[in-house]
Amino acid sequence: MSKRSGHVITNGSDDGGQSPSLSRIRDDAQRACEMLREIANRPPRIVIFGEANSGKTTLANRLIGGDLLPASLTSRDSYPTLVRYSPVVDLVAVDRSGRRIPIRSEADLPLPDIARLEVGLPQPRLRKYEVLDAHHQTPAADLFALAKPGTLQIPIWCTVATQAWKLTEQQAWLELARDYRHRAMLALTCSDRIAESGDRKKLLERLSRETQHEFSALALAPTPWVGTALIEDTVTAHATRLSERRRMVAGRLARRIIRLGNMALGNADLPLMAAI
């Protein structure tokens with residue numbers, strides 16, 4: 001019996017005597033289950049959108065766990081910046097062909113045809129999600145395309161509290177694919193500028209009413225608390241909930257693949273295990 005964390009499937013006998021087509025069924029089913037496992041356990045990606053000076057990098061640093069994002073690099077050269085977990089600090093540029101170029105200092109930038117920067121940091125929070133700080137002029141479709149197929153991407157739109165949810169923001173947000181909007185969050189940045197609790201309550205009521213079909217969650221950022229949790233904890237809970245839901249779906253798909261494969265192979269169990 002083979003065992004990993006998750007579902008355990010009993011191994012079958014050797015491939016001896018099986019036709020090439022049955023062997024191919026086993027191989028294809030194994031690859032499909034391994035692909036589902038990899039996708040389900042990949043950290044979700046928080047994609048931060050917003051107009052210029054809407055607090056995107058401030059929120060990104062809050063989610064990362066400190067003022068660690070190299071804002072001088074990203075603001076000067078207008079590169080989308082992905083921050084991911086790494087046991088050691090590293091910075092690379094990724095061009096549009098996928099080539100990775102180590103960046104050792106600001107003198108290495110700018111570079112031609114760069115799709116994004118990637119910053120690796122030994123921050124525990126980044127084991128739970130990655131953060132993509134988007135440049136405001138980069139089309140949403142291009143930003144979503146930066147991830148591997150199947151990556152769980154969670155958009156957050158930053159809107160400044162003192163001029164929240166302007167018409168230009170609404171138009172920009174409507175251009176995002178609906179496939180992503182059902183899991184999105186609206187972050188009300190610079191909300192500490194609205195000192196009166198009554199004014200803040202009225203603003204939240206208006207935004208809740210006007211954006212109820214556009215976002216699955218609304219959060220204050222960066223300084224106020226959201227209920228009893230800071231915004232980074234609210235985002236973590238939101239990402240964790242969506243990730244767990246994805247793992248459940250992947251587990252069901254893996255079990256279905258195994259059942260269909262076993263039906264095709266007759267009595268021989270597939271030598272598969274679905275550790276989702």
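No lab work stands behind these numbers, since they all come straight from the coordinates. None of these values were measured; they are calculated from a predicted model. Virtual Cβ from ideal backbone geometry, glycine too; neighbours counted across all protein chains shown.
A few comments on the model shown:
- Least to most buried among SER21, SER54 (fewest other Cβ within 10 Å first): SER21, SER54
- Comparing LEU59, LEU111, TYR129 along the charge dipole axis of segment 45-226, the residue lying farthest to the positive side is TYR129, per the Cβ-charge model.
- Point-to-point label distance, ARG127-GLN212, nm (Cα→Cβ direction, 7 Å offset): 4.0
- Between MET263 and ARG104, the simple spin-label model (points 7 angstrom out along Cα→Cβ) gives 5.9 nm.
- Order of THR81, THR58, THR168, THR240 under a 10 Å beta carbon neighbour criterion, fewest first: THR168, THR240, THR58, THR81
- Among HIS182, HIS238, HIS213, the order by Cβ neighbours within 10 angstrom, fewest to most, reads HIS213, HIS182, HIS238.
- Computed label-point distance, nm, for sites VAL92 and ARG181 using a 7 Å Cα→Cβ extension: 3.5
- Net charge in the neighbourhood of GLN212 (other residues with Cβ under 13 Å of its Cβ; Lys, Arg +1, Asp, Glu -1) is 0.
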